[in-house]
1. Check residue 13: other-chain or 5+ apart residues with amide H under 5 Å from its amide H, H built from backbone geometry?
2. Let's test the formula: R0 of 56 Å, r as the Cβ-Cβ distance of residue 381 and residue 60. What FRET efficiency results, to the nearest 0.05?
3. Given the options 282, 317, 184, state which has the largest fluctuation in a GNM of the chain using a 10 Å cut-off (strictly under) for Cα springs.
4. Would you compute, from DSSP H runs of 4+ residues alone, the mean residue ellipticity of the chain at 222 nm, taking -39500 (n - 2.57) per run and dividing by the full residue count, rounded to the nearest 500?
5. Please compute the net charge surrounding residue 376, taking Lys and Arg as +1 and Asp and Glu as -1 over other residues with Cβ under 14 Å from its Cβ.
6. Taking only pairs that are 8 or more places apart or on different chains, how many Lys pairs in region 11-183 have Cα atoms under 26 angstrom apart?
7. In square angstrom, what is the accessible area per residue of the chain with a 1.4 angstrom probe?
8. Would you kindly derive the ³J(HN,Hα) couplings of region 6-16 from the backbone phi angles with the Karplus curve 6.51 cos²θ - 1.76 cosθ + 1.60 (θ = phi - 60°), listing them in order in whole Hz, with x for Gly and Pro?
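The values are calculated or read from the model by the stated rules, or taken from the named source; none is laboratory data. If you're wondering where the values come from, they're calculated on a predicted model, not measured in any experiment. Here the Cβ positions follow ideal geometry from the backbone for every residue, glycine too, while neighbour counts run over all protein chains shown. Side chains included, ligands, DNA and RNA excluded: accessible areas come from the protein's heavy atoms. Shrake-Rupley method; radii C 1.70, N 1.55, O 1.52, S 1.80 Å.
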Amino acid sequence: MNNFTFYAPTLFAFGDGEEKKCGELVRRFGGTKVLLVIGGGSAKKIGAFDAVTASLTAAELPYTVLEGIQPNPRSGKVYEGINIVRREGLDFILALGGGSVIDTAKAIAFGAKYEGDFWEVFAGEGQMPSDPLPIGTVLTIAAAGSEGSASCVITHEAGNLKWGAPKSDALRPRFSVLNPRYTCALPPYQTACGIVDMFAHVCERYFTTTPDVALTDRLCEALMKTIVEAGNKVMANPMDYHARADLMWAGMLAHNNSCGVGRAQDWASHQIGHELSAFYDCAHGASLAVVMPAWMKYVMNENPARFARFAVEVFGCELNPMQVEKTAKEGIRHLRSFFRVLGMPTTLGEIGATVEDIPAMVMHRSAKGFPFGGFAEIGPAEMADILCICEGE
Ligand code: NZQ
Ligand code: ZN
């Protein structure tokens, strides 16, 4: 195991009705005037907006609403939020929604404290402020894990760049309210996208070159097994509160890095997936359902034994010690069928992508730089090869 620092100071209030504590929690973490960030309407439809604003009002907290955050959130709303915060002297950002709303809130929180254009931090041309405004979240979809993560992903409209900010513990929310009941209202497609994303977050950590990481290996396996089991349950019965609860907590654990500490991580599938989302505006989870099995096929020979272990531990395949590769391939097949059972796309065509666009996607990615990938190094040629595999079957 490698040395590591782990600092994840988010308070989690988990369960049905916990959003009633919002006002009290904002006060506890020093907020007096709130920017409430929401998406395109689901928070109002499911009653979360009313519950959260009632709690803020009960705590005598004034708030201004910034609405209309889109999936694959854009820089325009970040600039708008920064202007409101500065103009009205707001001191706390409360995100109500999914990863897109939360990431917008995170970018506003540090952008309001940054002297220049917040995008300079994404582009590596400026330092992330060490004291962003505090943020809290009320999560309505189990997926991205932003409610506990140190990450923030925004698409800059100029150049259509879907990039992550440098990871910073300062971006972790002060508190996150997780009410699984809210996720019962999700359309099946969004539920499935979330399941793929959280599974992918574990895979990006599980496929490692670091030896002797027995505990985090097993934590990863427990998470992946739970995601498959609970994922199948909620697809069959969307109102299954306990399966929704398992998924919601799994989504947080999958990405707050408790199962990724002390080990090299990969993240190539995410990097390639972000290009698909930038080009075709497809959901993040859908991009991963297409890319991850293709990435696995491409890199499997780096360590077939690890892929065979994945097959055995996560999907219950039988180990064939004489033909480890065979078991390894079986695991990848199982993963792809799991994604298909969820109703996810697994080929380029299904998200409206074409092989003709592959050179343009590779070129577009070069603005961020090559190589990437901690399990296997991916340069432009490898990225193109993986995208070609996505075309298949
Ligand atoms: O906009 P509204 O009306 O709220 O609808 C949303 C949106 O259309 C809807 N939704 C959310 N909760 C709902 C609901 N619909 C009905 N009932 C509910 N309870 O779901 C749609 C998707 O929302 P979004 O926030 O985009 O989903 P998700 O949480 O998957 O976030 C995806 C974004 O997070 C980034 C992704 O790249 C993508 O931009 N990621 C952020 C990470 C992080 N900060 O740690 C890590 C991830 O790897 C990921 O990159
Ligand atoms: Zn993700």
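1. When sequence neighbours closer than 5 places are left aside, the close amide H contacts are 176, 177, 178.
2. Rounded to the nearest 0.05, the efficiency is 0.40.
3. Result: 317 has the largest fluctuation of those listed.
4. For the chain, the value works out to -15500 deg cm²/dmol.
5. So the surrounding residues net to -4.
6. For region 11-183, qualifying lysine pairs total 25.
7. 39
8. Once rounded to whole Hz, the list reads 10, 9, 9, x, 6, 8, 10, 10, 10, x, 5.
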